[in-house]
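Down below is the structure, laid out as structure tokens.
The values are calculated or read from the model by the stated rules, or taken from the named source; none is laboratory data. As the structure is a prediction and not an experimental result, all values here were calculated from the model. FYI the Cβ positions are ideal-geometry reconstructions off the backbone, even for glycines, and counts take in every protein chain you see. We work out accessible area using only protein heavy atoms, side chains counted, and drop any ligands, DNA or RNA first. Shrake-Rupley method; radii C 1.70, N 1.55, O 1.52, S 1.80 Å.
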Amino acid sequence: MNIVFATSEVAPFAKTGGLADVCGALPIDLQQAGHQLAVIAPAYRQVKSAGLPIEPLGVKFDIPIGNKIVRGRLLRGTLPGSEVPVYFVEQDDYFDRPELYRFKGEDYKDNCERFVFFCRAALESIRLLHLQVDLFHCHDWQTSLIPAYLHIEYLHTHGYENIASLLTIHNLAYQGIFWHWDMLLTGLDWKYFNWHQMEFYGKLNLLKTGLVFADWLTTVSPTYSKEIQEDPLGCGLDGILRQRSEQLTGIVNGVDYAAWNPAADVNLPERYNASNWQAGKAACKAALQRELGLPEAPRTPVVALVGRLADQKGWDLVVEVLRNWVHSMDVQWVILGTGEPYYHDTLGQLAREFPNRIAARLEFSDPLAHRIEGGADIFLMPSRYEPCGLNQLYSLKYGTVPVVRATGGLVDTVTDATPDTLAAGTATGFAFHDMHAGALDATLRRAVEAYWQNADTWRQLVETGMQQDWSWKASAQRYLEVYGHACRQHQDERERLKAHR
């Protein structure tokens, strides 16, 4: 199968979040499975300064944007460690900027225009590069116009008529909503600006457009695919998602075990695997406590949190529990991340007041994130919602038992320790349902008591987690199945339209 990924970011060239990791890893596994892959992404300033080889192709194109013509050109790179080509759409007025989507906390005012241009350029690139394409795999609102253009403008164009489209929703909360006059920029007829297709409470909604026109939809975990069909996680689009539920599939993101594997992790002071983890984690824990200025206490559990400091991640609950536990529980807390100023101030103050209990690094450091996974005993993720989540998957591999809220991908990847799951040998962590501090407190206590009081249970949880396989190889097979569904759906739709002509 010939597959093209259209994405607004791809690691290691340009990244703001997990989308870039998916688009930098999944194509490689698909190519290794015997398929032809290419990636198309914008040529941001970050791409050109990433230090990776990129060359101009001498291919230029003109794209209609509203009542003007905008010229761009194509560059070419390769996903490191593979032969997957990455074609970059260069247009410096749009993409040579300090950040990808926003600057100093404000979205770029012309984001709609920027990604209209990118979607049209991606489609034109197929013709200019003479690519044979069976399927466009689009990601989030930035590429959601591609399915609409394929359906409306390219359906009867030679070389495009058999191209199916799949749209992956990485986070439904980000929808690409713009004022209605931006409809003119798309070049599509105003008749599509209706509440069934592109209109959303009087505005243009690009993600909604993709949900309507794509041949198939995926999101990044089975549970999240169900949650977004109901309020509140449907974010106003739950009705469309219910209508399209037969073409909506949840597939858990994979982990790049070349980067996240305690047996080979160069960031760890001592490497380990599922057979010698006790000695390895003990050495990593002692080193982490020294590095962060915490007392070296081998039997004091270390609870870790890594990521964005935001209400969505449950930090309001964490702060409430933290304020109580620093006085009453012999537990050390290790925190790494940046986010909302309130949490910076609160956590900084708590760390200064209780330096033997809390180490807060209010920054981001990938090497330290690895050392935290290696040295912590428990990893906490009390998210309000979590489309997939990756830190719990890293934690399983590193023998750091996850404590999670039962939502989204956390449900699909962490099995709560109950008498039944422990007896069945499937338990890998601890989970709670109710989004309040009491539920988090009780579940975290369960974990800490198991750590202190039941060495056999703890060993079982650690080793069962470490033996899980959440690699991209497994996810790639699921995507290939869905690509087949999308292509059949596209052909069925073409036949239906022919019958009505």
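Being within 30 Å of Tyr154 (Cα to Cα) and surrounded by 13 or more Cβ atoms within 10 Å (Cβ to Cβ) is true for just one of His500, His485. Which residue is that? Talk me through it step by step, then tell me what you get.
Numbers: His500 fails: surrounded by 13 or more Cβ atoms within 10 Å (Cβ to Cβ).
From the options His500, His485, the qualifying one is His485.
What pairs come out if I take residues in segment 6-18 that are under 19 Å from Ala38 (Cβ atoms) and pair them with residues that are among the aromatic types (Phe, Trp, Tyr) and part of a strand (DSSP E or B) whose C-beta lies under 6 Å away, six or more apart or interchain?
Ala6/Phe136
Within the set of pairs 6 or more residues apart or between chains, which connect a residue that is closer than 21 Å to Gln489 by Cα and charged (D, E, K, R) inside segment 221-248 to a residue that is open to solvent by less than 30 Å² (accessible area, probe 1.4 Å) and at pLDDT 95 or above with Cβ atoms less than 7 Å apart?
What qualifies is Arg244/Leu211; Arg244/Leu217.
Of all the residues that make up segment 12-26, how many are open to solvent by 20 Å² or more (accessible area, probe 1.4 Å) and outside any helix (DSSP H, G or I)?
The qualifying residues number 4.
Determine whether Val414 is within 23 Å of the chain's Cα centre (by Cα) and within 22 Å of Val252 (Cβ to Cβ).
So Val414 fits the description; yes.
Being among the aromatic types (Phe, Trp, Tyr) and either under 30 Å from Lys226 (Cβ atoms) or surrounded by fewer than 17 Cβ atoms within 10 Å (Cβ to Cβ) (or both) is the filter here, so list the residues in segment 260-283 that pass it. Walk me through how you get there before you give the answer.
Start the filter on segment 260-283 by keeping residues that are among the aromatic types (Phe, Trp, Tyr), which leaves 260, 272, 277.
Across segment 260-283, the qualifying residue is only Trp260.
What residue, of Gly389, Gly408, is on the phi > 0 side of the Ramachandran plot and touching an Asp or Glu at 6+ places or on another chain (Cβ under 8 Å)?
The match here is Gly408.
For (1) at pLDDT 95 or above; (2) farther than 30 Å from Ala258 by Cβ, each residue gets a yes or a no:
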| residue | (1), (2) |
| --- | --- |
| Glu353 | yes, yes |
| Ser365 | no, no |
| Leu396 | yes, no |
| Val401 | yes, no |
| Arg405 | yes, no |
| Pro419 | yes, yes |
| Ala424 | yes, yes |
| Ala427 | yes, no |
| Phe430 | yes, no |
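I'd like to know if segment 60-72 contains one or more residues that are part of a strand (DSSP E or B) and surrounded by 24 or more Cβ atoms within 10 Å (Cβ to Cβ).
Yes, because at least one residue in segment 60-72 is part of a strand (DSSP E or B) and surrounded by 24 or more Cβ atoms within 10 Å (Cβ to Cβ).
I'm trying to understand the selection: among the residues of segment 465-478, which are touching a residue at least 40 places away in the same chain (Cβ under 8 Å) and either touching a strand residue (DSSP E or B) at 6+ places or on another chain (Cβ under 6 Å) or not aromatic (Phe, Trp, Tyr) (or both)?
Gly465, Met466, Gln467, Gln468, Trp470, Ser471, Lys473, Ala474, Ser475, Ala476, Gln477, Arg478
Return yes or no: is Ala122 open to solvent by less than 10 Å² (accessible area, probe 1.4 Å), small (Gly, Ala, Ser) and touching a Ser or Thr at 6+ places or on another chain (Cβ under 6 Å)?
Considered against the rule, which asks whether it is open to solvent by less than 10 Å² (accessible area, probe 1.4 Å), small (Gly, Ala, Ser) and touching a Ser or Thr at 6+ places or on another chain (Cβ under 6 Å), Ala122 comes out as no.
Write out, first by first residue and then by second, each pair whose Cβ atoms fall under 7 Å of each other, whose residues are 6+ apart or on separate chains, and whose first residue, in segment 400-429, is closer than 19 Å to Leu317 by Cα while the second is modelled with pLDDT under 95 and among the β-branched types (Val, Ile, Thr).
Filtered contacts from segment 400-429: no entries.
Got a number for residues in segment 245-259 being out of contact with any Lys or Arg (no Cβ under 6 Å at 6 or more places or on another chain) and crowded, with 16+ Cβ neighbours inside 10 Å?
Applying the first criterion (out of contact with any Lys or Arg (no Cβ under 6 Å at 6 or more places or on another chain)) to segment 245-259 yields 245-250, 252-259.
Filter again for crowded, with 16+ Cβ neighbours inside 10 Å, leaving 247-250, 252-257.
Residues flagged as out of contact with any Lys or Arg (no Cβ under 6 Å at 6 or more places or on another chain) and crowded, with 16+ Cβ neighbours inside 10 Å within segment 245-259 amount to 10.
Checking the condition of a type in the set (Phe, Trp, Tyr) and open to solvent by 50 Å² or more (accessible area, probe 1.4 Å), which residue from Trp452, Trp472 passes?
Trp452
The rows are residues; the columns are (1) modelled with pLDDT of 95 or more; (2) among the small types (Gly, Ala, Ser).
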{"position": "Glu199", "(1), (2)": "yes, no"}
{"position": "Lys208", "(1), (2)": "yes, no"}
{"position": "Asp215", "(1), (2)": "yes, no"}
{"position": "Thr219", "(1), (2)": "yes, no"}
{"position": "Ile228", "(1), (2)": "yes, no"}
{"position": "Pro232", "(1), (2)": "no, no"}
{"position": "Gly236", "(1), (2)": "yes, yes"}
{"position": "Gln243", "(1), (2)": "yes, no"}
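Give Ala148, Ala121 a once-over and let me know the one that is modelled with pLDDT of 95 or more and over 30 Å from Pro232 (Cβ atoms).
Ala121
Would you mind finding the one in Thr143, Thr157 that is β-branched (Val, Ile, Thr) and open to solvent by less than 40 Å² (accessible area, probe 1.4 Å)?
Answer to the check: Thr143.
Can you find even one residue in segment 100-117 that is in contact with a Lys or Arg (Cβ under 7 Å, 6 or more places away or on another chain), of a type in the set (Asp, Glu) and open to solvent by 30 Å² or more (accessible area, probe 1.4 Å)?
No: zero hits.
Would you mind telling me which numbered condition in (1) farther than 20 Å from Val255 by Cα; (2) part of a helix (DSSP H, G or I) Phe430 fails?
Here Phe430 clears every test but (2).
Using the structure shown, decide if Asp29 is acidic (Asp, Glu), buried (at least 16 other Cβ atoms within 10 Å of the Cβ) and assigned to a helix (DSSP H, G or I).
yes
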